Structure formats: structure tokens, C-alpha cells
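Peer 1: Okay, here's the structure, questions in a sec.
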Amino acid sequence: MIPVYFCSVTTSDDLRSYMAILCEARWNQIEGIELFPIDEQYLGCSPLGFQRIRRMYADQHSENGVYIVADDDALLPADFDLTECTRIFLESEFSTLSLLPSNATINPWTPEKYIVEDTPDVMEHYSAGQVRFCLKGHLKAWPPMETGNPGYDAIHGAAIRSEGGRAGYFKNHKALHLGEKFSQIWNREGVTA
């Protein structure tokens, strides 16, 4: 069983809450996982701190070598294949690999400007988001949040690269990012890191 840490914040507005209900219901249909819904209150942190703490919590509490950290606004497709995704992830030697958002354009790239890994199955990218397959223990040190930056995907990706790992996306396995343009943390009035 692969643990899935399904991440929501309790301060969600109605639209985001409906997204979360739909996405969690879809995860409940997937065989071969154990679903762990978590939120910032459960972890005793702020919604901004949750961006970092949820990843640390999943890494510390997973009893499996592979676990998934899933945002509450990424809807799995009808043809989602957990077994195939897990196989590709383990063969890729990436530290974290995310389902590609079907409603976004993401290209292989890192700021360090080395030749990134880009195969028929996976592509390296400076960060990974929404539905992240992760190797337990993939980071020795989890950097703090950055002042003025409410996100953690890029910080996480940079830390992985600094320790010799890779982050990126599946190329042929996708999820619909329902929350595109409806961020809980970006572009919100009064939100600071």
C-alpha cells in the first residue's frame, strides 16, 4: 500500500472546498493506497507553514519507501494507473516526480542550466507540484520557507538538486489542476510568508 497524504487547508472558500471533496472522492476509488487526509490544524501550523510541514510530515511518517503528497485541487483522471506511475517513478531515479497538470504547459528546465533529464516518460523541472510521488528520506535538510514567498515547490526542488537529486514531472501521466488560478496562497490579499 502506498500512503497518500491528501493535503487541504481548513480556511478554504466554498469553491476550493468543493474541489477538495471531488478530488478526495477520486482518491478513495484508487486501489493500492492508504489515504491520510491532513490539514494545517492537524499538523499544528499556519496555512503558509503547511506548505513545508506537510512534506516533512509525510516523509517522516511514511512506512513505505514511496509515498504521495497530493494537493486537494488535483483531480486524477479515469485512467490513472498507480502501478505504472510507481514503476516509472522508481526506474527514473528522481527524488520526486509529479503528475503533469493537463491544463498547464510545463517544459524541462532548471535554473542551474545543466542538461536536464528528458526521456519519453519523465522530464526534469525546477519544481514539482500537485500530486508528488516521493522517495522516503529524499532530503537530509528541509530548508525553511522564504520571506515573501508563500510557495514551497521551488524551494523543495532546489533543495533536492543541492543534495544531488532530481525533481520533475511524468510526461504521459496527468491530473487536472482544478485550482489553477484559484490559489490558496498565491495572489491572496494579506498573504505573506
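A short reminder: the numbers here are calculations on the coordinates, not readings from a lab. Quick caveat: nothing in here was measured; it's all calculated off a predicted structure. FYI the Cβ positions are ideal-geometry reconstructions off the backbone, even for glycines, and counts take in every protein chain you see.
Peer 1: Report the number of Lys pairs in the chain whose alpha-carbons are under 25 Å apart, with separation of 8 or more residues or on distinct chains.
Peer 2: Going through the chain pair by pair, I get 5.
Peer 1: Let me ask something additional. Tell me, what is the Rg over Rh of the chain, with Rh the Kirkwood radius over Cα pairs?
Peer 2: We get a ratio of 0.93 for the chain.
Peer 1: Counting only Cα, what are the radius of gyration and maximum Cα-Cα distance Dmax of the range 1-113, in Å?
Peer 2: For the range 1-113, the Cα radius of gyration and maximum Cα-Cα distance read 14.7, 41 Å.
Peer 1: May I ask you to compute the full-extension gain from E93 to Y114, defined as 0.36 nm times their residue separation minus their alpha-carbon distance, rounded to one decimal in nm?
Peer 2: 5.8 nm
Peer 1: Now, a different point. Using a Förster distance of 35 angstrom, determine the FRET efficiency expected from the C-beta separation of W142 and E31, and round it to 0.05.
Peer 2: Taking R0 as 35 Å, the efficiency between W142 and E31 is 0.65.
Peer 1: Right, something else. Counting pairs of alpha carbon atoms under 8 Å apart in space and at least six apart in sequence, what relative contact order in percent does the range 1-135 give? Show your work: numbers first, answer last.
Peer 2: Working: 181 pairs, mean separation 38.6, N = 135.
Over the range 1-135, the number comes to 29 percent.
Peer 1: Stokes-Einstein at 37 °C, 0.692 mPa s, Kirkwood radius from Cα pairs: D for the range 1-47 in µm² s⁻¹?
Peer 2: Answer from the Stokes-Einstein relation: 287 µm²/s.
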